[in-house]
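The values are calculated or read from the model by the stated rules, or taken from the named source; none is laboratory data. Because the structure is a prediction, the values reported are computed rather than measured. We place every Cβ from the backbone using ideal geometry, glycine too, and count neighbours over all the protein chains shown. When the accessible area is computed, the model is the full protein with side chains, heavy atoms only, and any ligands, DNA or RNA have been set aside. Shrake-Rupley method; radii C 1.70, N 1.55, O 1.52, S 1.80 Å.
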Amino acid sequence: MSKEPLTIALVGNPNTGKSTIFNALTGLRQKIANYPGITVEQKVGTSIIGGVLHKIIDLPGAYSLNYKKLDERIAYETLIGSYEHEEIPDLALVVVDSSNLDRNLYLATQVMDLGIPVMLILNMSDVAKGKGISINPDLISNSLGVPVVAISAKNKSDIDQLKQKISESDLEVPEPLKWGPDDSLKEAMNLLINEWIKPYTNIPESARSIEALRLISEGEFNNAFYQFEKEEKGKSTIKKARELVEKGGGNPMATEVLSRYNFIGECTSNASSITSQTKASLTDRIDAVVTHKVAGPVIFTLVLLFMFQAIFSWATPFMDMIDLLFVEGGNWVANTLPEGMLNDLLVDGVIAGLGGVVIFLPQILFLFFFIYVLEGTGYMARAAFVMDGFMTKVGLHGRSVVPLMSGFACAIPGIMATRTIENWRDRIITIMVLPFMACSARLPVYALMIAAFIPSTTILGIFTLQGITFFGLYIFGIVMAVLAAFVMKRIFPTGQQTPFIMELPAYKMPKWSVVFQNTAERGKVFITEAGKIIVAISIVLWFLASFPKTEMPVLTQTDNTEYNSSFDVTENPESYQLRHSFAGQFGKIIEPVIEPLGFDWKIGIGLITSFAAREVMVGTLNTIYSIEEEDGESSTLKEKLINDVNPETGQPVYSIATAISLMIFFALAMQCMSTIAIVKRETNSWKWPTAMFVYMTALAYLSSFIAFQIGSNL
Amino acid sequence: MEFDFQTGVAFGMLAIVLVYLTNRFVLTPIRRSKTSPDHNCGPDCKCEH
Ligand SMILES: Nc1nc2c(ncn2[C@@H]2O[C@H](COP(=O)(O)OP(=O)(O)O)[C@@H](O)[C@H]2O)c(=O)[nH]1
């Protein structure tokens, strides 16, 4: 090989060891900068190989060159030299994970189509060996037609071997399209290249066939990425090309991918073999069960059921402790501070409101603890895989699964995560259904209603009716999300799905420090973020519920009948005052609207405040009930709810039907300002957040109505 | 209702809290919804980049 300095690019899927190889090659001779104008790291260094100083570029990890994601686009543009001021690399080192060869080779076959010399690095040889996979690099090299070297990047002598191989390389350009597109696909590619890409776009020559394939599979061009003229001409040519493929009996969306994988399969089937089954397949054997068509969903359901049961039972002692703390704290403030308005405000407003919510901290901590453990062990990826089955059946894209699962914590990160969905309509549908996933802000409301109104009957030894109801509410959220997506998919068809590859990492022990840190962080956010809002709203609410001051009329024998409708004998002055306060009057105004759902005006006030954030509901109820409570009394919110009696009917305010209706309302209604704001930002239009608010809240109202009417007439 | 020290503090707290809530639920969402979104923002998007 020539002794010229070369530009060598490292490409590969994420986590294949590119950076490790880059560091080993360059040592300290590297600099990290951002690509101009964007925040993806660009790592460039130099390395002396065979006595020549070469330039080494570490490209961002990519699964394919279809450049829909920023990282992939940068890798792609660097390889074809379209990136500003960058020359086309003289050699592309494709790094693959030997223990996951077939999938990793997909990118390799794409890079081989770019008309630059390619060398394949089978990294992680040690891992593959450990799994009992043995690979013959020479056979792979023969069938792919590129030099191949098997190494373990952590091993210094292997790096030397790699350098040796690089310096021996004759920089031959691999045969393009070696994977063998069939005739109709080739014809379609030529049509696109000759009639559209060559004459009308600025795509560099080396990238034309990749671009043609991309246009055939996606059916549309992304005008953000390159310049072109005559858009109409482009669209009609794409259409013609796709028709050619269809005429040849292929599916324009899948033909390329399938042919590449067929080719890869042929290359690897005789070049690699799995020798020992034992160690190799612990992960695989677990996966055979865990991701099984039938067993998979069953296991997923059991995991969730166990998780929610545990959250419900394990958190109880801690919750009792916190409860005691706030009750005692409240009493202490009440007795220490001189009597007055501030005293009442602090005790009935701030402490009651905050205490009502902080009590759920243990459950929140357990919830996130489980979520992070499931994530850390690698099970979460399997759960997503299992869900993917359902999702694609209803027509949702596989990429929707991970955003939806993060909706269990909070809809906002979930909505941001939908950015990985390339199809705009798929993305919008995912955003629109994501708030149905039971986020952690709903937990306090669910937990309160369940603890107060669902009996704790034991079922199957370890489960209780309470735990099962809790679990049921989470499943309800998933089902509603899927149903809503199904319906929306019918209203706005999004076309066929492109194949989606999901990575299933090996199972491992979670990193406990990470689990605990993240859980603690979530707890902190819950206390500070929710806490601030709750304190603020409790204070405002206390004022609204304490003014104007009204005295309860003194009851005498004669005017008994006259006052009968506005108060009753059993009512204490505090609740009379509350009913006539601003909050009470307002509650009475909205009561007719929510009465059919089984809610009284106090719940109504709670509902109003919960539109700021769902967990505020619980704080609000606690504040309202504390104001109403006669001085000196103190019971938990749960007891207050159970004992609350409607002064007009003499019936308990809450029945099981009310509690269920309320939980359904919280499961479905769009009660989160922050989500609305994020949806507005992500879609850049008020149309979507408005539609979301209206349809979700209407659905909530209707469902609660039906649930309550059925429930109370049983 | 006489206006004593405690009443003063209580109303002071109310004032602070009202400012906070307006900022949190009215001003911030408006500001946030105005900042430009990232890439892949769809047909309704008027992306500059
Ligand atoms: N066992 C083993 N681990 C490796 C090897 N190469 C890299 N790793 C590890 O794999 C992980 C991912 O490597 P990294 O270089 O960050 O991958 P990148 O995302 O492709 O840049 C790191 O923890 C490395 O230490 C290898 O050959 N064998």
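Between the beta carbons of B:Phe5 and A:Phe547, assuming R0 = 22 Å, the FRET efficiency works out to 0.70 to the nearest 0.05. For the peptide A:528-536, the mean number of other protein chain Cβ atoms found within 10 angstrom of a residue's Cβ is 2. Farthest toward the positive end of the dipole of chain A, out of A:Leu114, A:Val394, A:Ile660, is the Cα of A:Leu114, where the dipole comes from beta carbon charges about the Cα centre.
Summing charges over neighbours of A:Val525, with a neighbour being any other residue whose Cβ is under 14 Å away from its Cβ, gives 0 when K and R count +1 and D and E count -1.
Expressed as a rounded percentage, what relative contact order does segment A:295-491 have, with Cα pairs under 8 Å and six or more residues apart?
25 percent.
In terms of its C-alpha gyration tensor, segment A:251-393 has a prolate overall shape, because the principal axis ratio a/c (a ≥ b ≥ c, square roots of the eigenvalues) is not below 1.5 and a/b outweighs b/c. Considering helices alone, the calculated mean residue ellipticity of chain A at 222 nm is -17500 deg cm²/dmol, with DSSP H runs of length four and up weighted by -39500 (n - 2.57) and normalised per residue. Pairs to check: A:Lys178/A:Lys240; A:Lys198/A:Lys230; A:Lys154/A:Lys511; A:Lys235/A:Lys680; A:Lys393/A:Lys680; A:Lys186/A:Lys247. Give those whose C-alpha atoms are more than 19 Å from each other in this structure. The pairs that break the limit, which is 19 Å between Cα atoms, are A:Lys178/A:Lys240; A:Lys154/A:Lys511; A:Lys235/A:Lys680; A:Lys393/A:Lys680.
Between A and B, buried accessible area from a 1.4 angstrom probe totals roughly 2800 Å², ignoring ligands, DNA and RNA. The lysines within cross-link reach of A:Lys43, meaning a Cα-to-Cα straight distance under 18 Å and a gap of 8 or more places when in the same chain, are A:Lys18, A:Lys31, A:Lys55. Net charge dipole, segment A:295-491: roughly 1200 debye, given to the nearest 20, about the Cα centre with Cβ charges of +1 for Lys and Arg and -1 for Asp and Glu. Here the dipole of chain A is about 2080 debye; that uses its Cα centre as origin and unit charges on the Cβ of Lys and Arg (positive) and Asp and Glu (negative). Count the DSSP beta bridges whose two residues both fall in chain A, then state the antiparallel fraction as a percent rounded to the nearest 5. Of all bridge pairs located within chain A, approximately 50 percent are antiparallel.
For segment A:635-714, which trypsin sites (Lys or Arg not before Pro) are in a loop by DSSP, counting at most 15 other Cβ atoms within 10 Å?
Within segment A:635-714, no trypsin sites (Lys or Arg not before Pro) qualify (loop, at most 15 other Cβ atoms within 10 Å).
Beyond 24 Å between alpha-carbons counts as too far, so tell me which of A:Lys129/A:Lys163; A:Lys131/A:Lys165; A:Lys233/A:Lys489 fall in that bin. Those over the limit are A:Lys131/A:Lys165; A:Lys233/A:Lys489.
Near A:Ala150: Cβ cut-off under 15 Å, other residues only, Lys/Arg at +1 and Asp/Glu at -1. The net charge is 0. In percent, rounded to a whole number, the relative contact order of chain A is 10, using alpha-carbon pairs under 8 Å and six or more apart. Rounded to the nearest 10 square angstrom, A:Trp314 shows an accessible area of 120 square angstrom against a 1.4 Å probe. Quick check: from the Cα gyration tensor, does segment A:183-274 come out rounded (a/c under 1.5), prolate or oblate? Note, shape of segment A:183-274 comes out prolate. About its Cα centre, the dipole of segment A:183-274 is roughly 80 debye, where the only charges are +1 on Lys and Arg Cβ and -1 on Asp and Glu Cβ.
Solvent exposure of chain A amounts to 43 Å² per residue of accessible area, where only protein heavy atoms count and the probe is 1.4 Å. Classify chain A as rounded, prolate or oblate, taking a ≥ b ≥ c as the square roots of the eigenvalues of its Cα gyration tensor: rounded when a/c is under 1.5, otherwise prolate if a/b is larger than b/c and oblate if not. Prolate shape, in that a/c is at least 1.5 and a/b is the bigger ratio. In segment A:295-491, a dipole from Cβ-located charges (positive for Lys and Arg, negative for Asp and Glu) runs towards its positive end, and of A:Tyr379, A:Ala409, A:Ile428 it is A:Ile428 whose Cα lies farthest in that direction.
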